[in-house]
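Written out below as structure tokens is the structure these notes cover.
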Amino acid sequence: MKSYVLVGLGSRSKMFTNLFCSGEFKDSAKLLAICDINLGRIKLKADILSKEFPGLACYEAKDFDRMIKEQNPDCVIVCTTDRTHDEYICRAMESGRDAITEKPMTIDEKKCQKIINTAKKTGRNVRVTFNYRYSPPRSQVKELLMDGAIGKILSVEFKWMLDTNHGADYFRRWHRNKVNSGGLMVHKATHHFDLVNWWLGTVPETVFAKGDRLFYNEKQAERFGLSGHSERCLNCPVKNRCNFYLDMNNFEIMRGLYLDNEKYDGYLRDRCVFGDDIDIEDFMSVTVGYKGGAILNYSLVAFSPWEGYRVVFNGTKGRLEHLCQESSYINGDGTVQGALKPEGTLIKIYPHFKTPYSVQVKQGEGSHGGGDIVMLNDIFGNPDPDPLMRSADYIQGSYSILTGIAANKSIQTGQQINVSELVSGLKEPIFPPMPGENEQIPYVSDTGLKGGVVIK
Ligand SMILES: NC(=O)c1ccc[n+]([C@@H]2O[C@H](COP(=O)([O-])OP(=O)(O)OC[C@H]3O[C@@H](n4cnc5c(N)ncnc54)[C@H](O)[C@@H]3O)[C@@H](O)[C@H]2O)c1
């Protein structure tokens with residue numbers, strides 16, 4: 001039985017508290033205490049948990065060290081805003097505990113170095129919760145690549161679309177400033193760059209990026225006829241004709257979590273998506289060179305009419321294409337944008353010189369494409385050994401953010417950035433073996449082609 005304390009009691013913490021309340025892992029995981037900087041959210045969470053955990057210990061963030069002393073947990077779950085992750089991860093390790101942290105592990109290279117140094121010094125474990133690896137179709141892509149369906153992977157084309165529901169929400173919240181989130185290159189793309197590292201089984205070496213705030217700005221507000229908007233939705237004079245109006249009063253969960261608790265920390269959850277002080281990009285394009293020679297061409301757009309991604313792997317034996325059109329929601333309000341008639345999820349393989357075929361896609365249920373529940377079982381249950389090696393430590397957590405951190409620097413300087421110059425003392429992660437470099441590929445002619453090439 002492992003014992004836990006949870007720090008950070010916002011929207012995402014529900015995934016963890018639901019788990020403790022469900023009793024599903026009651027023989028392997030026990031919640032001892034909760035902690036946050038906002039007294040209102042502490043009270044709210046304590047109230048929600050009171051049935052399953054009467055008298056649960058609650059602490060304000062300033063009493064974090066006292067909580068560790070008094071509760072003596074095995075592990076600290078970190079679910080706070082991104083910029084504060086390093087602080088709790090390191091304090092957990094310094095006090096002899098392990099840490100489980102939400103993504104991104106942290107937001108810049110200095111904080112990343114601090115985590116690397118503390119992990120090495122203390123020998124404690126940090127686990128980063130990359131739920132995206134666990135969603136069944138993405139795991140399936142990993143299996144196909146590992147099985148050599150397209151041979152050795154030479155290049156990747158990856159385009160991620162955030163729609164005007166989900167994407168816009170980053171421009172309302174704390175994420176809108178790089179000092180809090182590292183921008184979408186770190187906060188969001190950590191998932192995507194982690195997937196690529198893991199799918200390819202290698203690490204990034206060089207990064208070149210361009211990005212800008214093209215849509216969530218004053219010019220676009222003018223195009224929509226929204227000049228004269230307020231700093232936030234609550235009192236905005238143009239809210240009745242704004243497609244981005246968020247009425248927190250209308251959503252019980254949001255009102256309870258944020259609006260009712262503004263008095264404690266001044267945090268406004270419904271700031272205008274066109275606000276002047278936003279300093280994150282909404283369109284980014286990145287080229288990454290990987291150890292072993294593969295090249296990634298990646299883009300992220302945060303103002304798309306539909307949500308999802310396309311990823312294509314070009315290999316020595318052919319091409320794998322994976323499309324996923326997702327439903328998304330405004331975090332916390334429960335609405336699902338399902339009206340788009342999603343094209344669904346597809347995996348297709350185009351072998352060289354052979355007939356292309358579709359692969360029956362494995363589907364999951366629940367949040368994040370069914371990934372959350374599989375991951376929780378892996379963390380808190382008693383899972384079998386995982387041939388896909390989906391669990392991620394601080395080394396993989398570091399590589400997942402270093403691409404985005406380098407991209408931020410490249411956007412700023414116009415230069416290509418060497419990832420190895422950002423941090424020191426970072427070992428390479430261990431991934432499952434991938435198809436080899438020197439595999440001989442036999443001649444085939446099933447499409448009636450008169451010739452063929454043997455790739456050496
Ligand atoms: N894996 C995923 O798919 C996924 C999805 C959503 C969020 N997340 C991550 O979860 C984390 C939390 O996101 P969220 O949406 O719940 O945000 P949120 O704003 O709803 O909650 C953050 C909480 O942290 C608290 N907090 C802020 N500073 C603190 C400090 N110094 N000490 C203690 N508590 C502090 C806030 O009061 C708030 O309760 C983020 O890192 C986010 O990236 C991950």
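Values in this text are rule-based calculations from the coordinates and carry no lab data. Fair warning: this is a prediction, and the values are worked out from it, not measured in the lab. Please note: Cβ atoms are built from the backbone with ideal geometry, for glycine as well, and neighbour counts cover all protein chains shown.
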Check: Given H placed 1.01 Å from N in the peptide plane, which residues other than close sequence neighbours of E24 have an amide H under 5 Å from its amide H?
Finding: none
Margin query: Over 21 Å between Cα atoms: which of K14/K114; K114/K409; K114/K178 fall into that group?
Written below: K14/K114
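Could you sort 355-368, 297-310, 78-91 so that the peptide with the highest average Cβ count within 10 Å comes first and the rest follow in order? Walk me through the numbers on the way to the answer.
On the way: 355-368: 13.0, 297-310: 18.9, 78-91: 22.1.
Going by the mean number of other Cβ atoms within 10 Å, highest first, we get 78-91, 297-310, 355-368.
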Next item on the list: List every residue whose amide H lies under 5 Å from the amide H of F130, counting only residues 5 or more places away in sequence or on a different chain, with H placed 1.01 Å from N in the peptide plane.
Entry: A392
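Where both residues lie in region 2-131, what percent of DSSP beta bridges are antiparallel, nearest 5?
Details: 0 of 21 bridges.
Expressed as a percentage, antiparallel bridges in region 2-131 total about 0.
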Notebook entry, point to check: Under the classification rounded if a/c is under 1.5, otherwise prolate if a/b is larger than b/c and oblate if not, where does region 2-131 fall, given a ≥ b ≥ c as square roots of the Cα gyration tensor eigenvalues?
Noted result: prolate
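Using the Cα centre of the chain as the reference point, and only Cβ charges (+1 on K/R, -1 on D/E), how large is the resulting charge dipole? Debye, rounded to the nearest 20. Intermediate results must be reported in sequence, preceding the final value.
Numbers: 57 positive and 56 negative charges, 88 e Å.
That gives a dipole near 420 debye.
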Margin query: Could you work out [θ]222 nm for the chain from helices alone, using -39500 (n - 2.57) per DSSP H run of at least four and dividing by all its residues? Round to the nearest 500 deg cm²/dmol.
Written below: -8500 deg cm²/dmol
Next item on the list: Answer with one residue from N377, A57, I150: the one whose Cα lies farthest towards the positive end of the charge dipole of the chain, charges on Cβ with Lys, Arg +1 and Asp, Glu -1.
Entry: I150
Item checked: Whole-Å distance, taken between Cα centres, linking region 44-86 and region 275-331 -> 35
Margin query: Taking the 0 to 90 degree range and rounding to the nearest ten, how far is the long axis of helix 394-413 tilted relative to the main principal axis of the chain, both from C-alpha atoms?
Written below: 90
Next item on the list: Please give the helix 39-49 orientation as an angle from the longest Cα principal axis of the chain, in degrees from 0 to 90, rounded to the nearest 10.
Entry: 70
Item checked: Between region 353-392 and region 180-227, the alpha-carbon center distance in angstrom -> 25
Margin query: Explain nothing, just compute: Karplus ³J(HN,Hα) = 6.51 cos²θ - 1.76 cosθ + 1.60, θ = phi - 60°, for every residue of region 218-227 in order, whole Hz, x for Gly and Pro.
Written below: 4, 4, 5, 4, 5, 4, 7, x, 10, 4
Item checked: Global form of region 186-274, assessed from the alpha-carbon gyration tensor, a/c cut-off 1.5 -> oblate
Next item on the list: Relative to the longest principal axis of the C-alpha atoms of the chain, give the angle of the C-alpha long axis of helix 189-200, reported between 0 and 90° and rounded to the nearest 10°.
Entry: 30
Next item on the list: Would you be so kind as to identify which of V359, F130, V207 lies farthest towards the positive end of the dipole of the chain, taking Lys and Arg as +1 and Asp and Glu as -1 on Cβ and the Cα centre as origin?
Entry: V207
Item checked: Alpha-carbon radius of gyration plus Dmax, which is the widest Cα pair, for the chain in Å -> 22.7, 76
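Among the DSSP beta bridges whose two residues both lie in the chain, what percent are antiparallel, rounded to the nearest 5? Kindly include the intermediate steps, with their values, before the conclusion.
On the way: 46 of 75 bridges.
Of all bridge pairs located within the chain, approximately 60 percent are antiparallel.
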